[in-house]
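J.: Here you go, one structure.
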Amino acid sequence: MNESAWDGTLSASEFSASAQAFAEKWKLNNPAYPPWTWVKSLEVPIFATNQVSLVEEGYLSLENVCIVKSNDDEVASCVEGEASLYDKEDEESTDSATLTSSGNDNVQPYYFDFHIIYSASFRVPVLYFRAYCSDGRSLGLNEIESVLPANSAKVLLESKWTFITQEEHPYLNRPWCKLHPCGSSDWMKLLFQAVEKVDRPAMELYLVSWFSVVGPVIGLGIPIQMLKEP
Amino acid sequence: MKEAQEFVWMGAIPLQIHLHESEVTTVPPPPPALILAPRIGYLPLLLPLIKPYFSSTLPPGVDTVWFEYKGLPLKWYIPTGVLFDLLCAEPERPWNLTIHFRGYPSHLLIPCEGEDSVKWNFINSLKEADYIINGNCKNVMHMSQSDQLELWNSVVNANLEAFIRSSSKLKSGTIEDDYASKSSLSSQKSQKMIGEADTSVQTKTGKVPVRLYVWNVSEDFGDMEDAPPIDSWDRISYVNRPLEIHREEGKCFTLHDAIKTLLPELFGKKRKPSEGENDEQSFGSEEETKNNRMTEEGEGNISQPLETGSTADDDPEIKLLRIQGIEPKLETPISWVANHLRHPENFLHVCVYIKVPSAKSL
């Protein structure tokens, strides 16, 4: 690939490597959150001359993240670990790092599942997510937009880079919400040129940088430490 | 090129559409609607033709239209012809579908708010194809709203002339193949092209937008009539992965090569027994199909024709391959197939039934 003209995209194998790096950094720097898990979908044999190497393909998954919206329009993510929705008994895995203002009984918790999936067509990661109430009812697109942090709703409305649509999950045959990829490569390129001042990033850092832009749109920030090289 | 395109655009499926019994409020029930549906069109677009048959018998309420075939809710964004090729192993004429105006299965199907949803989906696919072919969406993004609308309307009306006029503004490009073309002009080009993966002046990336629908059949059946019905979308693997054409001197990249390239997990080299557990290779089970199927293989640095392993018995068998209702020979050059049989949004939709032999004990 021409080093001086990086187009902001990454290959499938670069995505897999970057995903592992992202998950490790997250675990290290975000202990209050459950870890991202790698869901393997394929092991693809890659042939080069007489050698066969296996590239593992899959996606990142973070599920049951609780997002609480109070009446003051402040949103925080409280974390319920990997306990299932109905499992209130399991205290050990519950880690409530709640950030809302206290004493507000009219708080409605919503649960989000996030999947970061590679798009072979656009050669960028794509965020898929879905939301549901504590009774298990799925949220529609409009409801989700109203649940998201106020400033991210603003971002969605005003930005031409980020918009959410309802589309089918590439593997699960169910409707999920998707944050659109068209344009991802453009802002990734800008991000690296402007912030990192390099023409081409170390690819393992791709997802960390990508998530620093995408995360806040859906109410998940990342700690500054994650952006620094280890 | 024109002839094949005409053939594709004129292709139609005779449909016999029955109103679901739960929504019939009159005695006797209304007769089914007989509609000729363009292959390159989409089921929700037929609603204006269908509704008059049933409007007087519907229960009160808001319409949320969806279609179903033998209990399987149909994905409305898949072109009608593709649905037919995939779901009717033995072509059924007319194709008997059930229409519902209530009770949309929103846990299974993404919402459809009429023609606008279908148009939006079409334009997005067009952008995706543009990106795959050119490395950017500029062609589509630079089309004016009215040009996009004109293009869309030509699809709604299955009007090829109008489509050709509209799409001239799109510059979709074609895939060059020095092996397939015979003119002296192209043989001059071919001197330059040999050995290079990215050969065409018009397709900058050398990639073809393809959507593959794979039905992994675990049982053997003689006639298509005996094929078991597809009762869930989980039985179908959907592969939305750009196809990279690998050119080799003197060799033609065929349709067969394309399928093997898109399904490396099925057609890759067999593992040696010493390499241990082989879960990914046993495709008989349903749970596996969910996770093991379609991902994006990306570059696929396969520069040689794939060897398919030890004995012929081990190889997956392509029982059926349908594109636009025809079963092209597997030796057909992929460039011809892609250029002539693609849909208006520039994707080549391929339905394939594959039988994978059950994993042998290693």
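J.: Would you check if there is a residue in the range B:289-311 being away from every other protein chain (no Cβ under 13 Å) and either at pLDDT 65 or above or surrounded by fewer than 14 Cβ atoms within 10 Å (Cβ to Cβ) (or both)?
T.: yes
J.: For residues that are among the charged types (D, E, K, R) and within 13 Å of the chain's Cα centre (by Cα), scanning just the range A:111-130, find the one that is surrounded by the fewest Cβ atoms within 10 Å (Cβ to Cβ).
T.: Among them, the one singled out is A:Asp113.
J.: Restricting the first residue to the range A:212-226 and requiring it to be hydrophobic (A, V, I, L, M, F, W, C), which pairs with a second residue that is in a helix (DSSP H, G or I) and at pLDDT below 75 meet a Cβ separation below 7 Å and a spacing of at least six or different chains?
T.: A:Val217/A:Ser152; A:Val217/A:Val155; A:Val217/A:Leu156; A:Ile218/A:Ser152
J.: Of the residues B:Ala158, B:Ala162, only one is buried (at least 19 other Cβ atoms within 10 Å of the Cβ) and among the small types (Gly, Ala, Ser); which?
T.: B:Ala158
J.: Restrict the check to the range B:73-89 and report whether at least one residue is surrounded by fewer than 14 Cβ atoms within 10 Å (Cβ to Cβ) and either within 28 Å of B:Leu321 (Cα to Cα) or modelled with pLDDT under 95 (or both).
T.: Checked the range B:73-89: no residue is surrounded by fewer than 14 Cβ atoms within 10 Å (Cβ to Cβ) and either within 28 Å of B:Leu321 (Cα to Cα) or modelled with pLDDT under 95 (or both).
J.: What do you reckon, is B:Val27 of a type in the set (Val, Ile, Thr) and touching a residue at least 24 places away in the same chain (Cβ under 8 Å)?
T.: No; evaluated as a whole, the condition is false for this residue.
J.: Does B:Ser106 qualify as being in contact with a strand residue (DSSP E or B) (Cβ under 9 Å, 6 or more places away or on another chain), over 16 Å from B:Arg211 (Cβ atoms) and surrounded by fewer than 18 Cβ atoms within 10 Å (Cβ to Cβ)?
T.: yes
J.: Follow-up. Quick one: which helices (runs of 4 or more DSSP H) sit completely within the range B:1-89 and have at least 1 residues that are aromatic (Phe, Trp, Tyr) and under 20 Å from the mean Cα position of the chain (by Cα)?
T.: Here the list reads B:2-10, B:80-87.
J.: So, in the range B:125-160, of the ones that are in a helix (DSSP H, G or I) and of a type in the set (Gly, Ala, Ser), which residue ends up farthest from B:Phe347 (Cα to Cα)?
T.: In this case the residue turns out to be B:Ser146.
J.: Can you tell me which residue among A:Asn71, A:Asn2 is more than 11 Å from chain B (Cβ to nearest Cβ), modelled with pLDDT under 65 and closer than 29 Å to A:Lys189 by Cβ?
T.: A:Asn2
The values are calculated or read from the model by the stated rules, or taken from the named source; none is laboratory data. The structure presented is a predicted model; accordingly, all values stated were derived computationally and were not measured. With ideal geometry, Cβ positions are generated from the backbone for all residues, glycine too; neighbour counts draw on all protein chains shown.
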